[in-house]
1. What residue, among those in the stretch 97-131 that are assigned to a helix (DSSP H, G or I) and basic (Lys, Arg), is farthest from the chain's Cα centre (by Cα)?
2. Among the residues of the stretch 197-215, which ones are of a type in the set (Ser, Thr, Tyr), farther than 13 Å from ILE225 by Cα and not in a strand (DSSP E or B)?
3. Could you please let me know if ASP230 is in contact with a Phe, Trp or Tyr (Cβ under 9 Å, 6 or more places away or on another chain) and either surrounded by 14 or more Cβ atoms within 10 Å (Cβ to Cβ) or at pLDDT below 85 (or both)?
4. Can you tell me how many residues within the stretch 110-141 are buried (at least 19 other Cβ atoms within 10 Å of the Cβ) and without any contact (Cβ under 8 Å) to a residue 24 or more places away in the chain?
5. ASN147: over 24 Å from MET88 (Cβ atoms), of a type outside the set (Val, Ile, Thr), in contact (Cβ under 8 Å) with a residue 12 or more places away in the chain and surrounded by fewer than 16 Cβ atoms within 10 Å (Cβ to Cβ), yes or no?
6. Taking the condition of being over 33 Å from the mean Cα position of the chain (by Cα) and either at pLDDT below 85 or closer than 12 Å to VAL318 by Cα (or both), how many residues in the stretch 349-363 meet it?
7. Pick from GLN55, GLN33, GLN48: which is in the same structural domain as SER371 (by TED's automatic domain parsing), surrounded by 12 or more Cβ atoms within 10 Å (Cβ to Cβ), modelled with pLDDT under 90 and of a type outside the set (Phe, Trp, Tyr)?
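The values are calculated or read from the model by the stated rules, or taken from the named source; none is laboratory data. Treat the numbers as computed from the prediction; the structure is a model and nothing was measured. Backbone-built Cβ (ideal geometry, glycine too); neighbour counts: all protein chains shown.
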Amino acid sequence: MKKIHITALVAIATVLLFPSCKGTSKTAPETEQEETLPEDIVELRQDQINVAGIQTGSIEKRSLSRTLKVSGTVCASPQSQASVCVPMGGFIKKSYLIPGNAVRKGQVLAVVENQDFVDIQQSYLEAKDKLEFVAADYRRQHELYKNDVTSQKNLQQITSEYKTLQAQKQAYRQKLQMIGINPARLTANNIRSSVNIVSPISGFVKTVNINLGKYVAPSDILFEIVNSNDLFLELTLFDKDADKVSNGQSIHFFINNETEQHEALIYQTGKSIGEDKTYKVYARISSKCKNILPGMYVNALIESATSKVTALPSDAIVSFDDKNYIFIVSKHKQEKGKPVTEYRMIEVEKGLSDNGYTQVILPPSFDTQASQVVIKGAYNLLAAKKNAGEMSC
């Protein structure tokens, strides 16, 4: 609405400032013929040019960058988040944490108790002791067989028993390691019914799903841990913008409604278009950001690489009937002893806009070297064009 008001005011001001010079004077001789101007020409006297503040310049080659406005969320990489479970289940005996607590890798999160833990330790120690006995007998039988003192059948029986006990010991060993018990330190004197649940990564506690005395199954998630030091952005673009981003481009982003600007760098772009015609781009946060957590909503600006293009000040390009135009100086002439300048209206296409300048795509025959373009006062010329019947001189 504001643009319409400004244009209307300019048009009114132009009509007031630029009194007509042709076709309105009652004292002009009836035999005098009025000049008919082409549709794309506007002419002004020098005093009108001064009042309108018209200035001309040349089309330049400038480096412009494209900026895309996109949205997305803050995410944590799979290596930076962990769901903590108990491989064999049990009852919660102790718990030390609440959501938001910072934890370090290896820190005890809770203590779980289960009689099955005792059984596994017992079975391991029994298999270990029996294996030592059978191993000695295996070595003895092997020597006897070499000296033809014992039969091959006896050797085969002891070998089978020896290998079976080896497998049993290794299986119990793996189970102990899985529940957090070190087999190398296990003896008959330190068998216990509870184990410590420790954090696999450093970070902060996102969720806690336990309480004292609760039974937890192997499939239950007790804690969710997130490391906020290695976060990235998942941004959503429309498919039409897929060719405008690439690895290495810089990003400025804002969290929620904050005004503080943060930095990120694109490290990967999506390889497919979703059903909703969107395209994913991933960027690693490069600046130190406080209070950024996974799941937060962000607004981002993606800067494309700069390129040199033909450009003009944005004010030099005017819009009329859904098309874009510039004005160039067509020629200078004298009318009734006064200097008059003709301006020609040229249709162009707009491209990139950056820092007050806009790329213009010109007609193939346009002479960029010789043409003088109106860079200030173009909207005043447009107003004069709209009122051509009263503006001609």
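1. Start the filter on the stretch 97-131 by keeping residues that are assigned to a helix (DSSP H, G or I), which leaves 115-131.
Next cut, basic (Lys, Arg) only: 128, 130.
On the way: LYS128: 55, LYS130: 60 Å.
Only one residue tops the list, namely LYS130.
2. Restricting attention to the stretch 197-215, the residues satisfying the condition of being of a type in the set (Ser, Thr, Tyr) are 199, 202, 207, 215.
In the following step, the residues that additionally are farther than 13 Å from ILE225 by Cα were identified as 215.
Listed by number, the list is empty, since nothing qualifies.
3. Working: in contact with a Phe, Trp or Tyr (Cβ under 9 Å, 6 or more places away or on another chain): no; either surrounded by 14 or more Cβ atoms within 10 Å (Cβ to Cβ) or at pLDDT below 85 (or both): yes.
Judged against the criteria, ASP230 is not a match.
4. Result for the stretch 110-141: 1.
5. On the way: over 24 Å from MET88 (Cβ atoms): yes; of a type outside the set (Val, Ile, Thr): yes; in contact (Cβ under 8 Å) with a residue 12 or more places away in the chain: no; surrounded by fewer than 16 Cβ atoms within 10 Å (Cβ to Cβ): yes.
Against the criterion (over 24 Å from MET88 (Cβ atoms), of a type outside the set (Val, Ile, Thr), in contact (Cβ under 8 Å) with a residue 12 or more places away in the chain and surrounded by fewer than 16 Cβ atoms within 10 Å (Cβ to Cβ)), ASN147 does not qualify.
6. Of the stretch 349-363, the ones over 33 Å from the mean Cα position of the chain (by Cα) are 362-363.
Remaining after also requiring either at pLDDT below 85 or closer than 12 Å to VAL318 by Cα (or both): none.
The number of residues fulfilling the criteria is 0.
7. Numbers: GLN55 fails: modelled with pLDDT under 90; GLN33 fails: surrounded by 12 or more Cβ atoms within 10 Å (Cβ to Cβ).
Only one candidate passes the filter, namely GLN48.
Residue-wise test of (1) farther than 30 Å from GLN115 by Cα; (2) modelled with pLDDT under 85; (3) assigned by TED's automatic domain parsing to the domain that holds THR73; (4) more than 10 Å from the chain's Cα centre (by Cα).
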site: GLY213; (1), (2), (3), (4): no, no, no, yes
site: ASP220; (1), (2), (3), (4): no, no, no, yes
site: ASP243; (1), (2), (3), (4): yes, yes, yes, yes
site: SER246; (1), (2), (3), (4): yes, yes, yes, yes
site: SER250; (1), (2), (3), (4): yes, yes, yes, no
site: ASN256; (1), (2), (3), (4): yes, yes, yes, yes
site: TYR267; (1), (2), (3), (4): yes, no, yes, no
site: LYS271; (1), (2), (3), (4): yes, yes, yes, yes
site: GLY274; (1), (2), (3), (4): yes, yes, yes, yes
